[in-house]
Amino acid sequence: MKAIKEKHPLVMRWTHWINFPILAIMIWSGMLIYWANDVYTVTIFGHTFVRFFPEWYYNLLHIPQRLAEGMAFHFLFMWFFTLNGIFYVIYTIISGQWRYLVPDRHSFKEAWLVLLHDLHIRKTVPPQDKYNAAQRIAYTAIIIMGIGSVITGLAIYKPVQFYWLAWLCGGYHLARIWHFTLTVGYVLFFLIHILQVMLAGWNNFRPVVSGFEVIDEQPEPAIETISEDEKA
Amino acid sequence: MKKPKKELTVDQKIKRRNFISFTIFGAFAAGTYAGWKWLYNSPEEITGITGGAHKPLRKALNKTELFFRRLTFSENHLVKTYPKSMAAKVVRHNSDIGSEGKLPPEQWKLQVTKNSGAILQISLEELKTLPKTEIVFDFKCVEGWDQVSHWGGVKFADFIDHYKLHEEAKLEYVGLETPDKQYYVGIDMPSAIHPQTLLAYELNDQPLPGKHGQPLRLIIPVKYGIKNLKRIGSINFSKTRPHDYWAEQGYDYYSGL
């Protein structure tokens, strides 16, 4: 029989969807800023694999010559990004939702099974609580990354006043590199996230908007049956 | 009489809840989009002391800067310094606005306007008789690059003391301009009298080269490079924000680090 099962609490849905445009704006305005000193590449043994970013990419997104504008947007939306993140973390702690989200001691082994299953290498379905092991790791990592973005961001923004944050990041110069790398991480997360959501289907997506999933429930027996153990 | 409500079936409940939440979701998405459009197309501020930014964004910039300044700024927070050996030999240089070419030293005097209206004319030789302070620090450009460099000159606070500018230093701001008035910056007083702020006349133990603001430039490590005015021609003090080259181009007025 069809039944409604509550899945994602209201606060988690709102913070999730509020974060989406904010993060998009932060990444976009971050690129406007990065353009002014676009020195990062992925270079291994003298061979450059990726250059951030090629000219056509900048022109396509109208990025050049907008440093001041980028900073103005970035320093406004950083507030929303940070406050929304803090609110989410506090909520997960108080509501107890963190129990579903934080990896436990089985998660790292199980995440491997999730990966093999998702890649169709293994048939056995790994244990799926509200979130499976790979999700626990991913959704916890993304929060740590968010905290990392705020810390490295503040270290770049006020390296003298927040000298201890700059120190924590390995100095001003390195803080900018971390800040950029984390952003690349978000983009990779986003791509995999979208792919997984599409593969998981409607019943998995809907709860992120409406909160509930539809399950097939065994009707509960009207009369309590005595279990075999108790009889014995 | 009200009829007692019939309990909804599961399918009805699903439909109903989906309808409500997706309507709200759609409204949220539309609202976000409209809000973004509004901000993105919001009018530019009228250029005064600041310019070039969207009005609401300028407001946010000012407020945010004030928040962080009040929360964190302390003249005891010193910029990290490095050993001289780490200082760059080839020092990066971005812009020549107001400081092109070389200025014959005999044609240059620093002009300082006092509250009384009197103007001090100070030669480089005279400045060099004041105690010299050196600093090796990581110079930070608003573009995002940074470079360890070594500067020598007169501490701005020493300069204030020596020329008895204490009354002037009670005002909120210092304004500095190049001799041709092409480049100009405004600095808040706490940053100006910060113990690491210099009127620099040396780079790597040598007199300043032309492209680094010869004969005298501002080195203010608690600010981005855009505030480190090259080739100072005049200094004045004021209660209100002096005009500032890059603040007129959409950058934050304070630009503090």
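The values are calculated or read from the model by the stated rules, or taken from the named source; none is laboratory data. What you see is a predicted model, and the numbers here were worked out from it, not measured in a lab. Here the Cβ positions follow ideal geometry from the backbone for every residue, glycine too, while neighbour counts run over all protein chains shown.
Some observations on this one:
- Residue pairs whose Cβ atoms lie under 6 Å apart, sitting 6 or more positions apart in sequence or on different chains, and linking a residue in region A:193-218 that is assigned to a loop (DSSP other than H, G, I, E, B) to a partner that is exposed (fewer than 12 other Cβ atoms within 10 Å of the Cβ) and modelled with pLDDT under 85, are A:Glu217/A:Met1.
- For region A:62-98, a tally of residues being within 24 Å of the chain's Cα centre (by Cα) and surrounded by fewer than 17 Cβ atoms within 10 Å (Cβ to Cβ) returns 12.
- Summed over region A:94-148, the residues that are part of a loop (DSSP other than H, G, I, E, B) and either more than 19 Å from A:Phe190 (Cα to Cα) or among the hydrophobic types (A, V, I, L, M, F, W, C) (or both) give a count of 18.
- Within region A:34-74, if we keep just the residues that are part of a helix (DSSP H, G or I), out of contact with any Leu (no Cβ under 6 Å at 6 or more places or on another chain) and of a type in the set (A, V, I, L, M, F, W, C), the residue that is farthest from the other protein chains (Cβ to nearest Cβ) turns out to be A:Trp56.
- Per the conditions (1) crowded, with 17+ Cβ neighbours inside 10 Å; (2) of a type in the set (Ser, Thr, Tyr); (3) within 22 Å of the chain's Cα centre (by Cα), the sole criterion not satisfied by B:Thr47 is (1).
Residue-wise test of (1) within 9 Å of chain A (Cβ to nearest Cβ); (2) among the aromatic types (Phe, Trp, Tyr); (3) surrounded by 10 or more Cβ atoms within 10 Å (Cβ to Cβ); (4) assigned to a helix (DSSP H, G or I).
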| residue | (1), (2), (3), (4) |
| --- | --- |
| B:Gly31 | no, no, yes, yes |
| B:Lys37 | no, no, yes, yes |
| B:Gly52 | yes, no, yes, no |
| B:Arg58 | yes, no, yes, yes |
| B:Glu65 | yes, no, yes, yes |
| B:Ser74 | yes, no, yes, no |
| B:Leu78 | yes, no, yes, no |
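- Every residue from region A:102-114 that is surrounded by 14 or more Cβ atoms within 10 Å (Cβ to Cβ) and at pLDDT below 85: A:Ser107, A:Glu110, A:Ala111, A:Trp112, A:Leu113, A:Val114
- As a summary of the residue check, A:His117 satisfies the conditions (1) farther than 30 Å from B:Asn76 by Cα; (2) touching a helix residue (DSSP H, G or I) at 6+ places or on another chain (Cβ under 8 Å); (3) surrounded by 16 or more Cβ atoms within 10 Å (Cβ to Cβ) except for the one numbered (2).
- Any hit, region B:91-99, residues being of a type in the set (A, V, I, L, M, F, W, C) and not in a strand (DSSP E or B): yes
- B:Lys102 surrounded by fewer than 17 Cβ atoms within 10 Å (Cβ to Cβ) and either at the interface with another protein chain (Cβ under 9 Å from one of its Cβ atoms) or without any contact (Cβ under 8 Å) to a residue 60 or more places away in the chain (or both): no
- Condition check for B:Phe22: surrounded by 14 or more Cβ atoms within 10 Å (Cβ to Cβ) and of a type in the set (A, V, I, L, M, F, W, C): no
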